[in-house]
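Chemist: Structure in structure tokens, see below.
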Amino acid sequence: MSATPDHGGSGASGRTVRTAAVIPAAGRGVRLGPGAPKALRPLSGTPMLVHAVRAMAGSRSVSLVVVVAPPDGADEVRRLLDAYPLSGSLGDTTEVVVVPGGETRQESVRKGLAAVPETVTTVLVHDAARPLVPVDTVDAVAVAVRDGAPAVVPALPLADTVKQVEPRTGERAGEPEPVVGTPERALLRAVQTPQGFDRATLLAAHEKIALEGEGATDDAGMVERLGVEVVVVPGHEEAFKVTRPLDLVLAEAVLARRRANDGF
């Protein structure tokens, strides 16, 4: 599943790279408990990272996937991906490379961007912890960027009412928190990945935020700090983030439903 890209704009086989996807997978995933990093946890017998790579590779738009491994785990991740080759025609049309990441997510994304050929103008950034994002969602994000949007995020309307609170910290941590506002739910969206960007815009955001330090929780948030418009396309309920043990149960159910449907 691994290969080395040609930084002149085409891969090792000479194909032109149109859209690249960067998957930061260097986190430990402590909320899933002790053990392997979250991205390497099995989901129906296959590591979540492999599911995420296949989701990106399945897109008609993506021809290069850059996986950003833990700083000391690039060789391990490469061996893992080689053990789970892309299926069918995906292996003929998509290249996958592995690079070591940094100590923070932002640093890891920057290292992933550095492995993308300079001629690639559309870059997707996808969480390895969202292994089941449908291909149609990936395509919609990539198409919106190529149609001229500098930054695109898939998102869903909120089902729950949201309250803004005054957090209790220090000696008062754990006390009931007073509500200070109720945002209008119709104006809110739950953002997912992959998030898509014009390459130059994303690079500019990372360069600016790198000077300011950490703070943004996603790449689109960094682009917003530049004053650049970020637009939303419809997300999908199956693109949820696997963070807690209960999410693993839901992900297994989604995969079981997909297998059942594929059997018809």
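Chemist: Can you pull out every residue in the stretch 149-168 that is open to solvent by less than 60 Å² (accessible area, probe 1.4 Å) and either assigned to a loop (DSSP other than H, G, I, E, B) or more than 10 Å from Gly196 (Cα to Cα) (or both)?
Modeler: Ala149, Pro150, Ala155, Leu156, Leu158, Val162, Val165, Arg168
Chemist: Could you figure out which of (1) at pLDDT below 95; (2) within 25 Å of Ala200 (Cβ to Cβ) isn't true of Val67?
Modeler: (1)
Chemist: So Leu248 passes all but one of these: (1) under 21 Å from Ile23 (Cβ atoms); (2) within 16 Å of the chain's Cα centre (by Cα). Which condition number does it fail?
Modeler: (2)
Chemist: Can you tell me which of (1) in contact with a Phe, Trp or Tyr (Cβ under 9 Å, 6 or more places away or on another chain); (2) among the small types (Gly, Ala, Ser); (3) touching a residue at least 60 places away in the same chain (Cβ under 8 Å) is the one Ala205 doesn't meet?
Modeler: Every listed condition holds for Ala205 apart from (3).
Chemist: I'm told Ala200 meets every condition in (1) surrounded by 12 or more Cβ atoms within 10 Å (Cβ to Cβ); (2) under 19 Å from the mean Cα position of the chain (by Cα) except one. Can you identify the failing condition by its number?
Modeler: The number of the failed condition is (1).
Chemist: Hey, another quick one. Picking from Glu177, Glu212, Glu229, which residue would you name as being among the charged types (D, E, K, R), out of contact with any Leu (no Cβ under 9 Å at 6 or more places or on another chain), modelled with pLDDT under 95 and open to solvent by 50 Å² or more (accessible area, probe 1.4 Å)?
Modeler: Values: Glu177 fails: modelled with pLDDT under 95; Glu229 fails: modelled with pLDDT under 95.
Answer to the selection: Glu212.
Chemist: Just checking: which of the strands (runs of 3 or more DSSP E) contained wholly in the stretch 39-146 hold 1 or more residues that are out of contact with any Gly (no Cβ under 9 Å at 6 or more places or on another chain) and open to solvent by less than 50 Å² (accessible area, probe 1.4 Å)?
Modeler: Strands (runs of 3 or more DSSP E) meeting the threshold: 62-69, 95-100.
Chemist: Can we say Thr169 is in contact (Cβ under 8 Å) with a residue 12 or more places away in the chain and at negative phi?
Modeler: It is false that Thr169 is in contact (Cβ under 8 Å) with a residue 12 or more places away in the chain and at negative phi.
Chemist: Turning to a different aspect of this structure: Would you be able to tell me the number of residues in the stretch 232-257 that are without any contact (Cβ under 8 Å) to a residue 60 or more places away in the chain and surrounded by 12 or more Cβ atoms within 10 Å (Cβ to Cβ)?
Modeler: Residues meeting the conditions: 2.
The values are calculated or read from the model by the stated rules, or taken from the named source; none is laboratory data. Because the structure is predicted, anything quoted here is derived from the model rather than measured. In this analysis, Cβ positions are derived from the backbone assuming ideal geometry, glycine residues included, and neighbour counts consider all displayed protein chains. Keep in mind that these areas ignore ligands, DNA and RNA; they rest on the heavy atoms of the full protein, side chains included. Shrake-Rupley method; radii C 1.70, N 1.55, O 1.52, S 1.80 Å.
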